[in-house]
Structure formats: C-alpha cells, structure tokens
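Every number here is computed from the coordinates shown, using simple stated rules; none is lab data. Predicted model, so just to flag it, every value in this text is computed and none were measured. Cβ placement follows ideal geometry from the backbone for every residue including glycine, while neighbour counts extend to all protein chains displayed.
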Amino acid sequence: MKAVLKTITALTICVVATCGAASAQRTRSISEPLPTPAPTTTKTTEAATTPTDAQANQGVTTPRPAPAPATVKAKYEGGIVGFGKSDGTLSFDDANKRLVFRDKKRNQEMFSVPYAVVFAAWADTQSRRSTAGSVIASTVPYGLGLPALFMKNKVRYLTLQYRDPDTRAEGIATFKLASKELLASVLYTFAEKAGLTQRGDAFVRRRDTPTPEASSRIQNPD
C-alpha cells in the first residue's frame, strides 16, 4: 500500500512539474516582444525612374529665332551670273517683295532676288582654316602641326536656290553671314516673307503655295 502511495505521489509531482514548465514557457512566449521584421526594399530599375528618349523629347520645340534686322552685313559668294564676290549688305524690301544686295564699296544696289523666284533656302556651315593656319601647317613638320588645327573656324552661309522664269535658269546664290544666330534669324525671316514651308533644316516652296505678288526676275538696277 505504501508502495502504491509513493508511486501516485511521484506521478503527481511529475505532472505538476510538467504543467508548470509548459505554463512558464507559454507565458514567456506571449510576453516577449515579437522580432522586428527586417525592412524590405523595392528595387526600381533605371528604366522605371528615368524617362526614355521619346518621353524626354515630348513637348520639346526648337525656339524660334528673333526676327532679322531690315539690313544685315553679308558677303555675296556667287551663284548669280554676271556678279562676282563682294562685301556688302542684304536688305528686305517688303514693298517690292525682294531681297536686295548692296555693294559695300559703291554703297549702291548690286542686284536683287525676288521672293517669288526662290523655291528653297537653307543654312550651310563649313569649317575653314585661316590663312595663318595654312601657313603654319605648310611649314611645321608632319606630326607637329597640331596647333594649326585649332585655327579652323566655321563659316556660315545663307543659301538660296532660285528659278528665274524669264531665262528659265536655275542657280544657287550664297551669302556669308557673321554668326550662327544672325544666319538663323535671316533664314527664318526670309522663309516667312517668301512663303516657304519648313522641311527638316531647310525651307521649300510647295507647289500648292501661292508665290508673293511681285516681279519674278533677278533684277539688276543698271
């Protein structure tokens, strides 16, 4: 009988101890703070944050140059039969719908190009080496002429392609202007006055565009 009592007592002690341990474990697991989850980062690709070229170019327009002065300095480089190179000025004669070139030395009209005969106009740029640069390049030994390369400068031209109805002659007249900004102003102003339509970097006369009412001859005041 004593042995049975000892066995029951031992079992009771074991059960109590087991329950206490389980209770303590449950208490600790509830009271302890939950572990803070590691922060998650979302990687964004460059394509998602950086606009594409097409998106970046949307709504971007080339600024319109300022209107050209009524008269600008220019050098006639050729293209019209009967007239050689000459320094002078270009003037817009809106009353007679023409572009007038005046010679610098005589300060008088040399010739004029009616707006109506021009069917294409564009800006041309060429890189040329100065006279001093050409001399240096010819005297400095090969491989040592690098400084001469820096003496190149850009030359800006207004180019007018015309057709004279009286002679049925076609030609290209060129005028050297002082700067890129002045060239852009003169080109845009002339195209607007002559009724030309922009196509790429040039201006052309569409067949369905009426020409300005004026004489359609390359005029020589003499």
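A few remarks follow.
- Peptides ranked, highest mean first, by Cβ atoms within 10 Å: ranges 112-124, 63-75, 175-187: 112-124, 175-187, 63-75
- The modelled label-to-label distance for the pair Glu181/Asp94, using points 7 Å beyond Cα in the direction of Cβ, is 2.3 nm.
- Compared with the direct C-alpha span, the chain from Arg207 to Asp166 gains 12.9 nm at full extension, assuming 0.36 nm per residue.
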